Each structure stands twice: as structure tokens, then as C-alpha cells.
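Presented below is the structure to which this report refers.
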Amino acid sequence: FALSTMVNQVQRVDGSWQSSKSDSSGASNTSGDSSKESSRCSTPLLDADRSRGTAVELFDRMGSGGPLFIDITWHPAGDPGSDKETSSMMIASTAVNYCGLESVLHLTCCNQSRENITGYLAKAKQLGLKNIMALRGDPLGTDWEEEEEGFNYATDLVKHIRSEFDDYFDICVAGYPTGHPEAHSYEEDLRHLKEKVDAGADFIITQLFFCADTFLKFLQDCRAIGITCPILPGVFPIQVPEEITRVIEPIKDNDAAIRSYGIHQAVEMCRGLLDSGQVPGLHLRPLPWATSANPKRKVEDVRPIFWASRPKSYIYRTQDWDDFPNGRWGNSSSPAFGELNDYYLFYLKSKSSKDALLKMWGEELTSEASVFEVICLPWNDEALAPETNLLKEELEKVNRRGVLTINSQPNINGKPSSDPIAGWGPAGGYVFQKAYLEFFTSSENVTALLKVLKKYEPRVNYHIVNVEGHNLTNAHEMQPNAVTWGIFPGREIVQPTVVDPVSFMYWKDEAFALWIEQWAKLYEDESPSRMIIKYIHDNYFLVNLVDNDFPLDSCLWQVLDDMFELLDALPEPIADGAVSE
């Protein structure tokens, strides 16, 4: 759960202010009888432990902070409208009826029939829920398709709520201070926002922004086109500006310093917003780049290596966990990673513009070989680690042969923790790493690789999987393999990264999705360039290799050389799709 604290006031459309009060049921209402006069603030509750007992305890703790109200997210894949105690509907009911916390229930209309939506709303009304955040939601597949008899936009959902339930519900909608990622322009997105308000929305909560001036300009632009309802700023700085990145570089390994700096930045932005006199409250969410600011994650010091270059994505996909690994990952069970559809708009989209990406990845692709020449692939949302430069020459060589590397680390045997390239952790310690390599490659290469790997067992462990989940491995199906660890004065051995077989299967969904979401969609439908990327997505395999013998020079490059040698010696290429051990 993520707590948002709201200023305990509500701004009327005419600009005046009034205080809110709680009735005996805990629902916050203003002096008016209609829900139109009730509180217009919301708080995202990113469902953590979805058991009622734990939720009640958490709600009680949240209530002690005095939020005006909270909101509960809606996950279509998790049966959110059911009677299960873990459903969004029941969690919202628990907050309102058991804990006296006013709640806003998120509701997405994508891929939903009108009958289903009406049923969810009727159930919410029966449970005493009076506030809805109307959202379009994400498509089940990778592409958006309009539905003739369904809801295609949040505006349609707002109209339906007003048509079926009149003024019973307060309706919140989302605003985008820098424009929706799918909008053609900022101005067009503002027009769509006004359509949602004109359809019956009572208030707006904004999506992500970093500077107070960004919100204040957005607020001014909204007022200029006739949007007069309350607009709440969403304080959730996901993207860190370059000037901030430069500041935190010297302290990036100091959790306490990062946490203090993150708090300072958030407080300064909130102060700027409140001092403007133009905002009725703050909608707060955790800072995902300052992991240690979340109390539950303070003890977390172990993660699967697959997300090493996409830490924001990992934090988001594991935000629902009640406990985080400390000291060691432990035996794998079934870690509940969040669904891709919940966040792909913000976490699979690149920070770079379309023009910059086309320049980097190719204005036009003519063959798979065009992809092999691309140096910076889409699987990194952070700067490359300095140690990657140690492997640069080998990485470039194998990429040109169709081994498209997305993650790697060299072997390290007892380097001081103060080493400028490989070091990490407290002073006076020593760090170790197993050589690791992760890449996409063709089924032809995989067939040859499997033949070669037989002579490297048990030194080399491998996991090989395609987009459909066909999985080949010589590792234990449930046992993680520590690939980075450190020994420090007065502490147990720390193992910050592991190759975990169960997590790898969740990571593969994200890794394959990036081919389509970041790369293929740069090109027109059915264009040769798009079809080439789609072919790779559909037919290539994701591979990870671990060289367990870390005191010796890595053998992984030799493994790939042997694979290339075997391929070069074959009289005919191995047929695509003929992967076997």
C-alpha cells in the first residue's frame, strides 16, 4: 500500500474553501447532503498484502496519519470485483466499513462489457462506496483496439456512471501534466481531459511530474480552457532530471544519504505547490528511485540480476510484497510479480523521443543483421555500470554474430569493496562475482549452444526460454544461484544479486515485451522494419549463462566461440524452431 496524505480541506469550484468532517461511519462528507459536496481527494493504495487482517492493521496505521482519504487500485487480472477478501472491491469495503477511511475505488473499463461495469458499480454502491476513479485501463494485448459495444475511453465510463447512477458517485479522472504518452500533443490531451470533466467528473488527480512549476502550468492551462473543478497534484517523481542525477551520483551507494536527499526534494516540491495557494491537497506516493525510503524495503538487499538495468520496473512489480529478501533470497516459491499491463505506459516506455530512438536503433531495418549492428538495445533504463566497459570488446563481437546481449557482469574474485569499478558496500570488505551473460538469440544458435554446453557442465548453468514459456535449463528448478556477494567486517556474507529460476520466468515476459513496446512500435504497421522486430520477438530465445568457477577467467566467451565454430562448420543452417537438447 502507498499512503497519500491530503490537506484536510476541499476547494469549491468557485475557489472558496471549506473543512471536511467525518460522520459516524467514517465517510468524509462536507456539509452538503449530495455526494457532489463530498471530499474530492484521493490516495493510491497499491495493494500490498491483500488479506483482511493485515489490511485492517495497515489501514489503522494509515488512519493515524490523518489522510482525507485513500484510493484502491483495480487489477483486471486479479478478479477485482469479486467477493474475495483479496479483491479491490473488498479491500475498499474494508477501509470504509471496518476502518473508517474514506476510499476511492479505481475502475478500468477496457475490455469490459457495459453489464459488467454496471454490476461493479451497483456492488460498490451496495457496499457503501461513494467514490470512483474512472480510468480507461490498459489493453490485454500489446495493441489498443476500439470495441464497438464497449468503453473505449474514460469519458465513456464517466458518462455511463452518470447515466446509470446519477449523482450518487463522486467521480475522479486522471490528468497528465506533460500530456498522455499516447496523445498526439499536449493540447489534444487537455481537450480530452475537458471532455471527461464535461461528461461529469468532479475532480482530477494528476499523473507523474517532477517540478512544481510543471503542475502549476498545467493547472493554468486547464483553467484557460474552462476546466474549473479541483485538480490535485500527484507527487510521484519517477523520472529524475539530469541535474538531480548528477547530484546523487557521489552518494548513489549510500542508502541513508539517498533517502535524505529524496525526502528533501519531495518536501521542497510539496512546499512549492502548497505555497502557491492553488492546490487543495497533495496526492503522495513513494519515490521508486529511492528504494530505502519505503520502510518495508529498508532491509532488502537481495534481488534477481535480471532487473539490474531496470530497477524502477523491479520496484514497481514487487511493490505488493509484504516482506523483502534480506541477506539471501532463499528457496524460490512463487514470487507474485505485478502484471505488465498495470504499468507499461510508464515503465516500458523510453525516456527518449521517437526521433532519438529511430536515430539510435535505425530509421529502417532491412534484415535481422540490421539489428545486430545496434549497440544500445532497449533493455536498459539506467546508465551502464562501469564494469560493463571491461567486457565491451567481447560484447560488441558477439552482438554482431546475433547474440544480442542485454545484461552481463565479469567475474570478480576478492576485489576490495573500495575498488572504483567493481567495489560496493562498506569499507574494509571484499566483493565477489560469477561471470554472467544474458542475451536474445535465434533458435538456430540455441540448438548449437545446447550441444556446446554439454562439455561445460556443471561449471556453466543455463536458462533458455522463448516468448511462449518453453523453458530449458540444467539448473535446479527452485534453487537460486548467488552471482554477487560480499564479505565485510562484522557482518554475515551479503549476496545482493541472484539468478532465480522462478523470477526469470516473470522477467522474460517483460524482456520480450520490450521488443514490441519500445522498438517495433516505432515503425508503421506491417512495415518491413516492424515485421523484422516482431519476427525476433516471436522466434528468438532469451538465454542466461552463469560461470560458477569465479576464481578462473570466465569461460562464457569461449562457450560462444565454440557455438560459432560449430555453426560455421555445419554444411547447412539448422532449421528455425528445431530447438532440442
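Looking at region 522-538 only, could you name the residues that are part of a helix (DSSP H, G or I) and open to solvent by less than 60 Å² (accessible area, probe 1.4 Å)? Listed by number, the residues that qualify are 522, 529, 530, 532, 533, 536, 537. Any residue at all in region 162-174 that is of a type outside the set (D, E, K, R), crowded, with 16+ Cβ neighbours inside 10 Å, in a helix (DSSP H, G or I) and modelled with pLDDT under 95? Within region 162-174, not a single residue is of a type outside the set (D, E, K, R), crowded, with 16+ Cβ neighbours inside 10 Å, in a helix (DSSP H, G or I) and modelled with pLDDT under 95. Restricting the first member to region 524-541 and to residues that are more than 14 Å from residue 365 (Cβ to Cβ), and the second to residues that are open to solvent by 10 Å² or more (accessible area, probe 1.4 Å) and of a type in the set (Asp, Glu), the beta-carbon pairs closer than 8 Å and six or more apart or on different chains are 539/576.
Listed by first and then second residue, the pairs with beta-carbon distance under 7 Å, at least 6 apart or on different chains, first residue in region 59-77 and under 18 Å from residue 234 (Cβ atoms) and assigned to a loop (DSSP other than H, G, I, E, B), second among the β-branched types (Val, Ile, Thr) and open to solvent by less than 50 Å² (accessible area, probe 1.4 Å), are 67/43; 69/43; 69/104; 74/108. In region 85-98, of all residues being touching a helix residue (DSSP H, G or I) at 6+ places or on another chain (Cβ under 7 Å) and in a helix (DSSP H, G or I), the one that is nearest to residue 59 (Cα to Cα) corresponds to 95. Within region 99-112, not a single residue is touching a Pro at 6+ places or on another chain (Cβ under 6 Å), over 19 Å from residue 150 (Cβ atoms), modelled with pLDDT under 90 and in a loop (DSSP other than H, G, I, E, B).
Among the listed residues 137, 200, identify the single one that is modelled with pLDDT under 95, open to solvent by 10 Å² or more (accessible area, probe 1.4 Å), of a type in the set (Gly, Ala, Ser) and part of a loop (DSSP other than H, G, I, E, B).
137
When the strands (runs of 3 or more DSSP E) confined to region 404-474 are screened for residues that are over 28 Å from residue 374 (Cα atoms), those reaching at least 2 such residues are found at 412-416, 430-433. Of all residues in region 182-204, those satisfying the criterion of being in contact with an Asp or Glu (Cβ under 8 Å, 6 or more places away or on another chain) and under 19 Å from residue 71 (Cα atoms) are 202, 203. If I filter region 487-498 for residues that are closer than 27 Å to residue 372 by Cα and either part of a strand (DSSP E or B) or in contact with a Ser or Thr (Cβ under 8 Å, 6 or more places away or on another chain) (or both), do I get at least one hit? The answer is no; no qualifying residue exists. Residues in region 503-514 include at least one that is within 28 Å of the chain's Cα centre (by Cα), of a type outside the set (Asp, Glu), within 22 Å of residue 559 (Cα to Cα) and crowded, with 17+ Cβ neighbours inside 10 Å. Residues that are open to solvent by 40 Å² or more (accessible area, probe 1.4 Å) and among the hydroxyl-bearing types (Ser, Thr, Tyr) were ranked within region 175-197; the one that is farthest from residue 264 (Cα to Cα) is 185.
Which one is surrounded by the fewest Cβ atoms within 10 Å (Cβ to Cβ), of the residues in region 437-449 that are out of contact with any Pro (no Cβ under 6 Å at 6 or more places or on another chain) and farther than 28 Å from residue 390 by Cβ?
It comes out as 443.
The values are calculated or read from the model by the stated rules, or taken from the named source; none is laboratory data. Quick caveat, the model's predicted, so the values are computed rather than measured. For neighbour counting, all protein chains shown are included, and Cβ atoms are generated from backbone atoms with ideal geometry for every residue, glycine included. The area values use the complete protein model at the heavy-atom level, side chains included, leaving out ligands, DNA and RNA. Shrake-Rupley method; radii C 1.70, N 1.55, O 1.52, S 1.80 Å.
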